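Heads up: the structure comes next, in structure tokens.
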Amino acid sequence: MIEPPPNVLELPLCERALLALRAAVENAIEEHAREGLPMYIWRDGEVVAVPAEELRKRS
């Protein structure tokens, strides 16, 4: 899990938004891997399914 820095409220809003987005993506990947569901991503100009096994390797 991504831990925010202790001074998170002192960071500019755009940096806090990026931290929140990264944490949300990490949570979504972990949830899909745990439930055995694929994720669909944009790769090499097309939408592809990433199987849960590959997600488990990344998380």
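Given the rule -39500 (n - 2.57) for each run of at least 4 DSSP H residues, summed and divided by the residues of the chain, what is its mean residue ellipticity at 222 nm, to the nearest 500 deg cm²/dmol?
Values: 2 runs with 30 residues, N = 59.
So the calculated ellipticity at 222 nm is -16500 deg cm²/dmol.
Among (i) 22, 45, 23, 9, 0; (ii) 28, 63, 9; (iii) 22, 38, 28, 13, find the value of P(r) over Cα pairs in 10 Å bins from 0, in percent that was calculated from the structure presented, and write down its label.
(iii)
Could you tell me how many degrees, from 0 to 90 and to the nearest 10, lie between the Cα long axis of helix 13-35 and the main elongation axis, the longest principal axis, of the Cα atoms of the chain?
Approximately 30 degrees, to the nearest 10.
Suppose every Lys and Arg Cβ carries +1 and every Asp and Glu Cβ carries -1, with no other charges. What dipole size does the chain come out with about its Cα centre, to the nearest 20 debye? Provide the component values of the computation, followed by the final result.
Working: 7 positive and 11 negative charges, 10 e Å.
Using only the charged Cβ atoms, the result is roughly 40 debye.
FYI, it's all coordinate maths here, none of it is from the lab. This is a predicted model, so every value here is computed, not measured. Here the Cβ is made from the backbone with ideal geometry for all residues, glycine too, and neighbour counts use every protein chain on show.
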